[in-house]
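Please read the structure below before turning to the comments.
The values are calculated or read from the model by the stated rules, or taken from the named source; none is laboratory data. All values derive from a computational prediction rather than experimental measurement. Neighbour counts run over all protein chains shown; Cβ positions are idealised from the backbone, glycine included. To get the accessible areas, we keep the full protein, side chains included, count just its heavy atoms, and leave off ligands, DNA and RNA. Shrake-Rupley method; radii C 1.70, N 1.55, O 1.52, S 1.80 Å.
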Amino acid sequence: MIAEAGHYALVLALALALIQSIVPLVGARLRDDALMNVARSTALAQLLFVGASFIALVTLHVNSDFSVANVYENSHSMKPLLYKITGVWGNHEGSMLLWVSILALFGGLVAAFGNNLPLSLRAHVLAVQAWIASAFYLFILVTSNPFLRIANPPIEGRDLNPVLQDIGLAVHPPMLYLGYVGFSISFSFAIAALLEGRIDAAWARWVRPWTLVAWIFLTLGIAMGSYWAYYELGWGGWWFWDPVENASLMPWLAGTALLHSALVMEKRNALKVWTILLSILTFSLSLLGTFLVRSGVITSVHAFATDPTRGVFILLILCLFIGGSLSLFAARATSLKQGGLFAPISREGALVLNNLLLTVACAVVLFGTLYPLAMEMLADFKMSVGAPFYNLTFAPLFTLLLLAVPFGPLLAWKRGDLLGVTQRLLAAGVAGLVAVAIVWGWARGGSALAPLAIGLGIFVIAGAVTDIVERTGLVRLPFATALHRARGLPRSAWGSALAHAGLGVALIGIVCETTWNSEYIATMKQNDVAHVAGYDVKLDGLFQRQGPNYREMIAEFNVSHDGEALSVMTPSKRNFTTRGSSTTEAALLTRGASQLYISLGDTTAEGTIAVRIYHKPLVLLIWWGPVLMAFGGVLSLSDRRLRVGAPKPARAKQRLQPAE
Amino acid sequence: MTRKQRRMTIIGGSLAVLALAAALVLNALRDSIVFFSTPTMVAEKHVAPGKRFRLGGLVQPGSLRRGDNLAVTFEVADGGAKLPVAFKGILPDLFREGQGVVAEGALDDNGVFKADTVLAKHDETYMPKDVADALKKQGHWKDDYGAQASGGAKPAATTAQGNSQGAVR
């Protein structure tokens, strides 16, 4: 009953989306307010029905209704409640349903909070949203219906893939989808602007908060996924340049570029055409990511099922939207008026450079992701493009970008003074060089590039600090004045400084982890002691334990440092009987930003066990960086000028921000 | 500067960055790409020792030997040929005899494949796609693999973000 209701709700949502695709556009053409307002009600109704459909699937999973194929294949009655719920999107059908639910959520938010958008713009935006929604509802209903029944219901389910039975599944996919799908809003705004043939600075102010929201979630989603892989897969890797990771990184790179170019458009009314193109490209890359992950063209953990019809269907959606939007862009872009002028050395110029490097880095990742696929299809040989390729291509481009980051915010709009900015960055540069010298003298072993990279990280952080110091006049002016100015500083200024500093923090973490990571792999028996990076790790014993839907073997380790007992670490190996597969649960000991990491291998007949112990210096900075970036994004979002949907159309023109 | 000069500066800068990226990519393509081979392909093509590649196939039943200090040797077969593999470290959770495996490394002078990475899927019923394709192509695909795969309704395994395969370095 619930399954049929959920299915029916999804069909109704499709019907609503089809209405929303056409009626508002007709209304806009006829200048009929009532018809245009249809978009608002249908978007909200769609959210209601998709939400109902999603809740129906969650209910089925929670009740362990094994007469539904999706529940049977991915759930088990003994599974803890949390994983019964998160298991809803731990499979192809459910994750697509989550995808459209989030799409409907964003559509609903525009409908609910877009009251101050011009009526015809809102109608166009919601209509474009409905095109995307219709395509994906059709996809789900035709190829991946999560509500299919089984004729003879089995008594027990096949359980969720053990690796997914983790809190990470509760956070990572929803976050990532909020990011991925969130970019559909800027896409819809771009298409709406092209359809209307009208675009101005106010447009950028409406788009920017939505882009920022999507970007914040995508940043956190990627970071969360990386940390999950780090602790769950049991060998301490946190980024693999796997095609699916690349699929999430590409929209992030393009989205970051979009955030910055929208800034130029909002403040200076320039780079309009480019911003529109970036909006289209960012969401196209999100769609491409969905295609890569969901079609099974690549072998990946994320590819749940390889059903060729699904791949073809998504490929069709992909071609339709990317091809259609780019053709529309080609036809209409020239009609958009050119905006303000600026000298190459200026804030705008710096942001153009930022965009250039980000998009080229994104193109490199795209090439690395698609090249093996293309070669397999055309030349019929298989290959893999991995970390060495990206170290030689992506890393140099990003180094250039990071070198430029501190300069951008210090340059004046329109015409900047590079020499003056360099002088103001002198302190930051010196800080970076001092860091290089210290690390050089201190570090033993590792690449000669590592101290330089750490110096670069420090330079980026110090540059962000310099930006705030310059704006508040902390050194030049009396402290009280500086404090007053700091309070008056727009939150977006704090936001961008924090986000830029986050880049430096992440870079330092990445360099320290990859360069000075120590590893110890051996077989150990009871009372053996391993010495890793100054820690003594003693194996106390092995124990068996029964979990809700698995058996696990726990190894107990006593960790001490310089004779001082620190903690007991208990990594384990879990064996899931239903799927007959096992997972390795690593144990982590956090000391400052560094971590000690233990995971288990096989046991032998003599009672010894293979053990892998890592010491990862400053590894947590890798994820604190993105968290800092996201926090900067949130601060920027809370800025009064940017509050979601804040600007009034009538005032937007006059309130064009003066150059800061 | 006139509008035209400004535009030319930006276009020139863009072209410079693009050219840089293209140069980096072409340079990287020369030596950072790893090809995939099966034992039969290795035998046919006489891969030179020291050249890195990915070896895929099935772990030959009865060939797994464990030595001291986590050293392991086993054979990878694809129905047509066999290749001995040596590895030191912890094998993935789902490494089993008779199951599909992908190993990355290079041949040594004695024709033994020294693997530094061994990948196996996190799901029993799963056969790595590269291996399955290669076996099918060579006509060694047995129906029971397929039956297994479709019987296990979700053949492609899933782990967290990242490498599809549980990897061991």
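Observations on the model:
- Residue match in the stretch A:403-419 (condition: under 30 Å from A:Leu292 (Cα atoms), modelled with pLDDT under 90, within 14 Å of another protein chain (Cβ to nearest Cβ) and crowded, with 22+ Cβ neighbours inside 10 Å): no
- Answer residue from the stretch B:1-33, given it is within 7 Å of chain A (Cβ to nearest Cβ) and either basic (Lys, Arg) or in contact with an Asp or Glu (Cβ under 6 Å, 6 or more places away or on another chain) (or both) and is farthest from A:Ser346 (Cα to Cα) among those: B:Arg3
- Residue within the stretch B:73-88 that is among the small types (Gly, Ala, Ser) and farther than 19 Å from B:Ala43 by Cβ present: no
- Matching option when the condition is aliphatic (A, V, I, L, M), under 28 Å from the mean Cα position of the chain (by Cα) and within 29 Å of A:Thr86 (Cα to Cα), among A:Ala56, A:Ala69, A:Ala15: A:Ala56
- Residue in the stretch A:342-358 that is nearest to A:Ala270 (Cα to Cα), counting only those that are more than 9 Å from chain B (Cβ to nearest Cβ) and of a type outside the set (A, V, I, L, M, F, W, C): A:Glu348
- Test: A:Thr481 is farther than 20 Å from A:Val430 by Cβ, open to solvent by 30 Å² or more (accessible area, probe 1.4 Å), β-branched (Val, Ile, Thr) and in contact with a helix residue (DSSP H, G or I) (Cβ under 8 Å, 6 or more places away or on another chain): no
- Odd one out for A:Asn145, checked against (1) assigned to a helix (DSSP H, G or I); (2) under 24 Å from A:Ile102 (Cβ atoms); (3) open to solvent by 10 Å² or more (accessible area, probe 1.4 Å); (4) not charged (D, E, K, R): (1)
- Any hit, the stretch A:354-375, residues being in a helix (DSSP H, G or I), at pLDDT 90 or above, over 30 Å from B:Val34 (Cα atoms) and touching a Gly at 6+ places or on another chain (Cβ under 9 Å): yes
- Selected residue (criterion: nearest to A:Thr219 (Cα to Cα)) from residues of the stretch A:600-631 that are touching a residue at least 40 places away in the same chain (Cβ under 8 Å) and assigned to a loop (DSSP other than H, G, I, E, B): A:Leu620
- Check on A:Val110, of a type outside the set (Asp, Glu) and open to solvent by less than 10 Å² (accessible area, probe 1.4 Å): yes
- Out of A:Gln654, A:Gln595, one residue alone is more than 14 Å from every other protein chain (Cβ to nearest Cβ) and at pLDDT below 80. It is A:Gln654.
- Selection count where residues are of a type in the set (D, E, K, R) and part of a helix (DSSP H, G or I), scope the stretch A:404-462: 1
- Among the numbered conditions (1) open to solvent by 60 Å² or more (accessible area, probe 1.4 Å); (2) free of Cβ contacts under 8 Å to residues at least 24 places away in the same chain; (3) under 14 Å from A:Ala130 (Cα atoms), the only one that A:Leu18 does not meet is (2).
- The stretch A:33-43 - residue that is surrounded by 15 or more Cβ atoms within 10 Å (Cβ to Cβ) and not polar (S, T, N, Q) and, of those, modelled with the highest pLDDT: A:Ala43
- The listed residues are A:Ser346, A:Ser327, A:Ser335, and the only one of them that is of a type outside the set (Val, Ile, Thr) and free of Cβ contacts under 8 Å to residues at least 12 places away in the same chain turns out to be A:Ser327.
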